[in-house]
């Protein structure tokens with residue numbers, strides 16, 4: 001099979017989407033399938049091949065002022081047309097509902113190519129990045145002012161958030177995403193809980209579940225024990241506003257009151273780091289909250305086992321790759337009751353689930369877990385068991401089967417040509 005991927009995010013930028021694309025394309029290419037990956041151009045660190053059967057085509061892009069890590073791919077219909085004509089794909093697989101995803105679905109319809117879309121990211125939950133106060137970087141201005149005016153605090157910035165928190169923005173983003181995914185032949189959800197959510201969101205296309213998978217030969221855990229007055233708490237991921245790391249730090253403040261020798265390590269990079277560093281300082285936790293910056297995924301399997309508890313307050317996970325990595329390494333976890341997290345962090349089985357944004361509950365449940373050595377080891381054992389259901393090779397088998405079935409079912413798919421397409425042909 002020849003499969004054409006489109007994604008508005010990819011390596012060298014590392015996130016869950018990029019890791020998923022890399023894993024599936026590499027493992028499927030070893031089975032003889034060919035891939036072309038259409039992705040943004042980042043500059044330093046870009047590459048155009050991943051082995052013999054995988055080529056990467058880069059597209060010119062700008063960036064979102066409120067989040068420079070998000071690339072906005074500039075229109076390149078002629079280049080996409082050439083990629084399709086040269087590669088002759090059997091299937092198009094769209095991984096993001098951004099502009100490159102939109103260009104992809106238009107091209108797929110024009111050429112009559114079967115199309116799959118994976119719902120990796122709940123874009124409507126990231127509507128904050130198109131809010132006026134972050135587009136105009138008022139959050140950065142706040143922290144510059146705050147250096148000189150110590151009476152100001154984190155709550156002052158929240159006033160901007162509340163003022164700009166219009167549901168209309170979220171509804172517009174949701175409609176844009178739905179319009180794209182409802183034009184795909186099949187939609188893939190990384191978890192069963194998100195599959196249910198997509199129906200509520202208004203997705204009408206057939207939805208099938210395929211986990212992003214985990215290399216359990218690398219992320220291999222042993223049952224852990226805990227009996228210490230210095231717990232090492234861990235959070236890993238993209239350090240952006242929607243991940244609610246501020247809630248994690250506030251919860252850790254309460255954990256720290258119970259365990260004064262406790263530490264919280266935050267691994268990752270992103271636009272929220274300056275505000276979180278200021279928050280930790282404001283709470284008197286500068287020596288106990290450690291920001292490591294980016295750690296390559298190739299090293300993470302050696303990092304997780306050094307910690308005692310994984311803590312997250314993210315309310316927008318479609319699966320939670322870092323959570324899966326953590327529990328595969330035997331860590332108990334505490335998270336929030338939102339989207340896919342309860343599928344990996346199972347309440348009273350391998351950790352605890354608190355209500356979203358409930359700082360005290362997150363802290364109390366973390367302390368409860370750390371205070372019971374017997375339950376801690378039981379939860380560690382269960383984490384490894386839960387992760388075992390996400391073995392990468394099994395997920396690759398499922399994806400390959402879906403590809404074959406969609407290609408077969410959509411043979412002779414009708415082409416749709418717009419006036420714009422005809423204009424491009426003339427040009």
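The values are calculated or read from the model by the stated rules, or taken from the named source; none is laboratory data. None of the values given here were measured: they were computed from a predicted structure. Quick reminder, even Gly has a Cβ in these numbers, built from the backbone with ideal geometry, and neighbours come from all protein chains shown.
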Checklist entry - Restricting the search to segment 385-427, which residues are in contact with a helix residue (DSSP H, G or I) (Cβ under 7 Å, 6 or more places away or on another chain), surrounded by 14 or more Cβ atoms within 10 Å (Cβ to Cβ) and modelled with pLDDT of 85 or more? => result 386, 387, 390, 392, 396, 399, 400
Item to check | Test for residue 332: is it surrounded by fewer than 18 Cβ atoms within 10 Å (Cβ to Cβ), in contact with a helix residue (DSSP H, G or I) (Cβ under 8 Å, 6 or more places away or on another chain) and assigned by TED's automatic domain parsing to the domain that holds residue 251 | outcome: no
Checklist entry - Hey, does segment 46-54 have a residue that's in the same structural domain as residue 105 (by TED's automatic domain parsing), closer than 27 Å to residue 211 by Cα, modelled with pLDDT under 90 and part of a strand (DSSP E or B)? => result no
Next on the checklist: Which numbered condition in (1) outside the structural domain of residue 340 (by TED's automatic domain parsing); (2) touching a residue at least 12 places away in the same chain (Cβ under 8 Å) is the only one that residue 384 fails?
Outcome noted: (1)
Next on the checklist: Just checking, does segment 215-238 include any residue being surrounded by 13 or more Cβ atoms within 10 Å (Cβ to Cβ) and either farther than 30 Å from residue 375 by Cβ or at pLDDT below 85 (or both)?
Outcome noted: yes
Next on the checklist: Just to be sure I understand, how many residues within segment 8-38 are in a loop (DSSP other than H, G, I, E, B) and modelled with pLDDT under 95?
Outcome noted: 8
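Would you pick out the residues in segment 203-214 that are within 18 Å of the chain's Cα centre (by Cα) and either exposed (fewer than 15 other Cβ atoms within 10 Å of the Cβ) or outside any strand (DSSP E or B) (or both)?
Within segment 203-214, 209, 210, 211, 212, 213 meet the criteria.
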Item to check | Failed item in (1) under 27 Å from residue 300 (Cβ atoms); (2) in contact with a strand residue (DSSP E or B) (Cβ under 9 Å, 6 or more places away or on another chain); (3) modelled with pLDDT of 90 or more, with residue 69 passing the rest | outcome: (3)
Next on the checklist: Which residue is nearest to residue 326 (Cα to Cα), if the candidates are limited to segment 271-302 and must be touching a residue at least 60 places away in the same chain (Cβ under 8 Å) and out of contact with any helix residue (DSSP H, G or I) (no Cβ under 8 Å at 6 or more places or on another chain)?
Outcome noted: 296
Checklist entry - Restricting segment 341-350 to residues that are surrounded by 23 or more Cβ atoms within 10 Å (Cβ to Cβ) and touching a helix residue (DSSP H, G or I) at 6+ places or on another chain (Cβ under 6 Å), which is farthest from residue 222 (Cα to Cα)? => result 344
Checklist entry - residue 312: in the same structural domain as residue 192 (by TED's automatic domain parsing), touching a helix residue (DSSP H, G or I) at 6+ places or on another chain (Cβ under 7 Å) and at pLDDT 95 or above, yes or no? => result no
Checklist entry - All but one of (1) at negative phi; (2) out of contact with any strand residue (DSSP E or B) (no Cβ under 9 Å at 6 or more places or on another chain) hold for residue 251; which doesn't? => result (2)
Checklist entry - Given the conditions (1) touching a strand residue (DSSP E or B) at 6+ places or on another chain (Cβ under 6 Å); (2) closer than 27 Å to residue 406 by Cβ; (3) surrounded by 14 or more Cβ atoms within 10 Å (Cβ to Cβ), and given that residue 24 satisfies all but one, which numbered condition is not satisfied? => result (1)
Checklist entry - What do you reckon, is residue 267 at pLDDT 95 or above and over 16 Å from the mean Cα position of the chain (by Cα)? => result no
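Would you be able to say whether some residue in segment 226-244 is in a helix (DSSP H, G or I) and touching a strand residue (DSSP E or B) at 6+ places or on another chain (Cβ under 8 Å)?
Scanning segment 226-244 turns up no residue that is in a helix (DSSP H, G or I) and touching a strand residue (DSSP E or B) at 6+ places or on another chain (Cβ under 8 Å).
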Checklist entry - Would you pick out the residues in segment 274-320 that are touching a strand residue (DSSP E or B) at 6+ places or on another chain (Cβ under 6 Å) and farther than 28 Å from residue 191 by Cβ? => result 280, 288, 289, 290, 291
